[in-house]
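Asks: The structure under discussion is supplied below as structure tokens; questions concerning it will follow.
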Amino acid sequence: MAAHRCGLSLVFILILSSLACPSSCDALEKANENTGEKQSVSDTPREVNTDGSIAAEDLNERQWQSTDVEADRSDGTKDSESFTAAARDQFQEELVIRPLHSGDIYASFQFRTLWDTDFLQERQKVSHYRLFPKSLGQVLSKFSVRELHISFTQGFWRTMQWGQPFIPSPPGAELWVWFHDTVSDVDGNWKELTNVLSGIFCASLNFIDLTNTVQPSASFKPLGLGNATDHRFLRYATLPREIVCTENLTPWKKLLPCGSKAGLSVLLKSEKLFHSSFHSQAVHIRPVCQDEQCTSKAWELRQTLNVVFDLYTSGQGKKEWSLFKMFSRTLTEACPLATSSKVYVDITDNPEGELFELSPATPLLSQAVVLGDRRTYSVFDLTRAEMFGQLRSLNLLLRWKGDTLTTQSDMLRPLLHAERYVAGFGLQTGEIHTVIYNNHPYRAFPVLLMDSVPWYLQLYIHTLTVTSKSRDNKPSYIHYQPAKDRHRPHLLEMLIQLPPHSMTEVTVQFERALLKWTEYTPDPNHGFYVGSSVVSALVPSMVAMNTNFTQDQPLFSSFVPVKEESSYFVRVYTEPLLVNLPTPDFSMPYNVICLTCTVVAVGYGSFYNLLTRTFQVDEPSLPLAKRLANLIRRIRGVPLLA
């Protein structure tokens, strides 16, 4: 009976499911038809877009997908307007390879993202992030940031051997920010901003506080739109001891629209980048004009990465290099979201091919005025499919034909160079020497020197001397802000005129302070780092600089705006200083603690033992003969002997 009932129940269920199937199938078909209609409608603008940016829109959707989408979707005008505005965002990538006279290879990556919005003026809530990273967009909006420049550098750029870099940076971490003039609490915004950036870039920027932050009055002007002169909204800080490693490179690469999956970013392999003589990565955000008349504005995010490979010490020799030898990878495609993807190889010193041979050869050549010198480059356009050949791979190879050391004497010396060191003896006083070189044979030009010295080096400003060619050189402008113990550092800015072909030395004496024992680092005998000096100048140019605004300019020649044809802007960083301070013997407290604990344990232990011990009378025990007799008596049951 039970089996018969189960069979009837099963038949009944099958009948009901067959009756319900047509309605569910019809609903499913209608849903599929509606989905197909929506898909066809959404695909329509993708076909008409010719810039190639929408074709790979699903590659990294989290970077640009709309957030905080409005609930009202009935108005199609809003969607079309947001889509049109988003389509105006641009992304460019560029790699410049320059063989150095020392035999090293200088590779400079630049990635530029233009975000078509102006939320600071319009006070609008930005809800669409297509190419611009949302994490940085929210930082700009929340803290009212006008410009942001941050860099992480491992190693020191050797100017006399390698020449001037495209974008200089000091060793360690550097951060300088211009806030909008509507910010009331700049120090509060600065503190919160450093903590947020510390989390974004996995760095120790949270150690930036008022003790290592200054407000330069003339050294760091805005590089974007506007000529702000109120330095109250500027903050500058450095961490010269910051170590750069893979955990800083990974979040930096995630800010790119294509990540590290396509384009030039596939070459950014950490094992190779950090096995180099110099490595620097930076992020620069500023408002820029989109045309020459500046009718429309945009936010520019420029990510730069500079690396110098010493192929000789790595066992690969100086005679040849290739992309695979430097990065262990080759190029296979351009970033699908990039409107421009190019590789430049500097062939200025090889006009007829007598020094080296570059393969594969390219007929595309480009000339650009970079840092006052006209340079010639071989251009490899990665957006052209024929550039990769049949193997779908591009591996640039350079073979030297002669000894590279023979061309070292022909190297153009940098017109501006600076260095710094500490002099003196003992652990009480000392001197800071800053030496600035003007290598121009007949032109004199002014430079702006900025020094930020920690508070525990107490400067004697009356001992400040500036000498050029063994004669006093009086600065035309001096701005000095004295330090406050444990509150702010020293700030010294000077405008100095450098005579032609001269060496100018700036000297100031200081006295070392004695810190509290809790203020010393875990390795106090290693010393304390002092940030680099900053030298800014308009250096006379050998050739006429290009002052015209064009979108076709290479990225490496368009970062700093050029306003004069006869000069170009240069910023030079000196070496950081390592200063020893009076350090107590931290082993003595350990010895004192051990000795004191021993004395306390012995003395107090004995006294406590005497106070708490209970004394009892110990009766003398019976002789052995009596004990044996008592044992026998106990067995026999007779009285024991007393």
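The values are calculated or read from the model by the stated rules, or taken from the named source; none is laboratory data. Predicted, not measured: the structure shown is a model, and the values here were computed from it. All Cβ positions, glycine included, derive from the backbone under ideal geometry; neighbour counts span all protein chains shown. In case anyone asks, the SASA skips ligands and DNA or RNA and just uses the protein heavy atoms, side chains included. Shrake-Rupley method; radii C 1.70, N 1.55, O 1.52, S 1.80 Å.
Asks: Yes or no: Thr213 modelled with pLDDT under 90, over 30 Å from Cys335 (Cβ atoms) and either buried (at least 18 other Cβ atoms within 10 Å of the Cβ) or touching a Ser or Thr at 6+ places or on another chain (Cβ under 7 Å) (or both)?
Replies: no
Asks: Just to be sure before I move on: is Val183 assigned to a loop (DSSP other than H, G, I, E, B), surrounded by fewer than 22 Cβ atoms within 10 Å (Cβ to Cβ), assigned by the TED database to the domain that holds Gln281 and at negative phi in the structure I sent?
Replies: Working: assigned to a loop (DSSP other than H, G, I, E, B): yes; surrounded by fewer than 22 Cβ atoms within 10 Å (Cβ to Cβ): yes; assigned by the TED database to the domain that holds Gln281: yes; at negative phi: yes.
Judged against the criteria, Val183 is a match.
Asks: Ser280: crowded, with 18+ Cβ neighbours inside 10 Å and more than 17 Å from Pro133 (Cα to Cα), yes or no? Explain how you work it out, then say what you get.
Replies: Details: crowded, with 18+ Cβ neighbours inside 10 Å: yes; more than 17 Å from Pro133 (Cα to Cα): yes.
Taking the combined requirement at face value, the residue satisfies it.
Asks: Let me ask you something else. What pairs come out if I take residues in the stretch 195-215 that are closer than 11 Å to Asn248 by Cβ and pair them with residues that are open to solvent by less than 20 Å² (accessible area, probe 1.4 Å) and among the polar types (S, T, N, Q) whose C-beta lies under 9 Å away, six or more apart or interchain?
Replies: Phe201/Asn248; Cys202/Asn248; Ala203/Asn248; Ser204/Ser198; Leu205/Thr194; Leu205/Ser198
Asks: Turning to a different aspect of this structure: Regarding the stretch 582-599, can at least one residue be identified that is in a helix (DSSP H, G or I), over 29 Å from Pro522 (Cα atoms), of a type in the set (S, T, N, Q) and at pLDDT 85 or above?
Replies: No, the stretch 582-599 contains no residue that is in a helix (DSSP H, G or I), over 29 Å from Pro522 (Cα atoms), of a type in the set (S, T, N, Q) and at pLDDT 85 or above.
Asks: Since Ser260 meets every condition but one in (1) hydroxyl-bearing (Ser, Thr, Tyr); (2) in a loop (DSSP other than H, G, I, E, B); (3) touching a residue at least 40 places away in the same chain (Cβ under 8 Å), which condition does it not meet?
Replies: Tallying (1) hydroxyl-bearing (Ser, Thr, Tyr); (2) in a loop (DSSP other than H, G, I, E, B); (3) touching a residue at least 40 places away in the same chain (Cβ under 8 Å), Ser260 fails exactly one: (3).
Asks: Something else: Residues being small (Gly, Ala, Ser) and surrounded by 16 or more Cβ atoms within 10 Å (Cβ to Cβ): count how many of those fall in the stretch 464-497.
Replies: The initial filter retains those residues of the stretch 464-497 that are small (Gly, Ala, Ser), namely 468, 470, 476, 483.
If we keep only those that are surrounded by 16 or more Cβ atoms within 10 Å (Cβ to Cβ) too, we end up with 468, 483.
Number of matching residues: 2.
Asks: Sticking with this one: Answer yes if at least one residue in the stretch 565-574 is more than 22 Å from Gln428 (Cα to Cα), at pLDDT below 85 and either open to solvent by less than 40 Å² (accessible area, probe 1.4 Å) or of a type outside the set (D, E, K, R) (or both), and no otherwise. Let's see the steps before the verdict.
Replies: First, the residues of the stretch 565-574 that are more than 22 Å from Gln428 (Cα to Cα): 565-574.
With the extra rule that they be at pLDDT below 85, the set shrinks to 565-566.
Those left that are additionally either open to solvent by less than 40 Å² (accessible area, probe 1.4 Å) or of a type outside the set (D, E, K, R) (or both): 566.
Checked the stretch 565-574: at least one residue is more than 22 Å from Gln428 (Cα to Cα), at pLDDT below 85 and either open to solvent by less than 40 Å² (accessible area, probe 1.4 Å) or of a type outside the set (D, E, K, R) (or both).
Asks: Identify the single condition in (1) in contact (Cβ under 8 Å) with a residue 12 or more places away in the chain; (2) not in a helix (DSSP H, G or I) that Ala629 does not satisfy, given that it satisfies every other one.
Replies: Answer for Ala629: the failing condition is (2).
Asks: For the stretch 398-421, give me each residue that is at pLDDT 75 or above, open to solvent by less than 50 Å² (accessible area, probe 1.4 Å), closer than 30 Å to Pro499 by Cα and not in a loop (DSSP other than H, G, I, E, B).
Replies: Across the stretch 398-421, the qualifying residues are Leu416, His417, Ala418, Arg420.
Asks: Which ones in the stretch 287-305 are open to solvent by 10 Å² or more (accessible area, probe 1.4 Å) and either more than 26 Å from Asn546 (Cβ to Cβ) or touching a residue at least 40 places away in the same chain (Cβ under 8 Å) (or both)? If you could, list the steps in order and put the result at the bottom.
Replies: Going residue by residue through the stretch 287-305, those that are open to solvent by 10 Å² or more (accessible area, probe 1.4 Å) are 287-297.
Matches in the stretch 287-305: Pro287, Val288, Cys289, Gln290, Asp291, Glu292, Cys294, Ser296, Lys297.
Asks: Name every residue in the stretch 607-626 that is surrounded by 10 or more Cβ atoms within 10 Å (Cβ to Cβ) and either outside any helix (DSSP H, G or I) or of a type in the set (Ser, Thr, Tyr) (or both), in order of residue number.
Replies: We begin by selecting, within the stretch 607-626, every residue surrounded by 10 or more Cβ atoms within 10 Å (Cβ to Cβ); these are 607-608, 622, 626.
Tyr608, Leu622 - these are the residues of the stretch 607-626 that are surrounded by 10 or more Cβ atoms within 10 Å (Cβ to Cβ) and either outside any helix (DSSP H, G or I) or of a type in the set (Ser, Thr, Tyr) (or both).
Asks: I'd like the residue in the stretch 239-264 that is more than 22 Å from Gly199 (Cα to Cα) and buried (at least 20 other Cβ atoms within 10 Å of the Cβ) and, out of all such residues, is nearest to the chain's Cα centre (by Cα). Talk me through it step by step, then tell me what you get.
Replies: Of the stretch 239-264, the ones more than 22 Å from Gly199 (Cα to Cα) are 261-264.
With buried (at least 20 other Cβ atoms within 10 Å of the Cβ) added as a condition, the list becomes 262-264.
Numbers: Ala262: 21, Gly263: 21, Leu264: 18 Å.
Within the stretch 239-264, the match that is nearest to the chain's Cα centre (by Cα) is Leu264.
Asks: Now, a different point. Any idea which of (1) of a type in the set (A, V, I, L, M); (2) free of Cβ contacts under 8 Å to residues at least 24 places away in the same chain; (3) on the phi > 0 side of the Ramachandran plot is the one Leu371 doesn't satisfy?
Replies: (2)
Asks: Name the single residue, out of those in the stretch 498-541 being more than 15 Å from His433 (Cα to Cα) and charged (D, E, K, R), that is surrounded by the most Cβ atoms within 10 Å (Cβ to Cβ). I'd like the intermediate steps shown before the answer.
Replies: In the first step, residues of the stretch 498-541 are kept if they are more than 15 Å from His433 (Cα to Cα); the result is 498-502, 512-529, 536-541.
This time we only want the ones that are charged (D, E, K, R), so: 512, 516, 519, 523.
Values: Arg512: 19, Lys516: 7, Glu519: 12, Asp523: 7.
So the residue we want is Arg512.
Asks: Also: Looking only at residues in the stretch 118-132 that are open to solvent by less than 20 Å² (accessible area, probe 1.4 Å) and over 23 Å from Pro554 (Cα atoms), which one is modelled with the lowest pLDDT? Can you show your working first?
Replies: Within the stretch 118-132, the subset open to solvent by less than 20 Å² (accessible area, probe 1.4 Å) is 119-120, 129-132.
Narrowing further to those that are over 23 Å from Pro554 (Cα atoms): 119-120, 129-130.
Values: Phe119: 59, Leu120: 56, Tyr129: 82, Arg130: 86.
Among them, the one singled out is Leu120.
Asks: How about the stretch 198-226: which of its residues are assigned to a helix (DSSP H, G or I) and closer than 18 Å to Leu136 by Cα?
Replies: Ser198, Gly199, Ile200, Phe201, Leu205, Asn206
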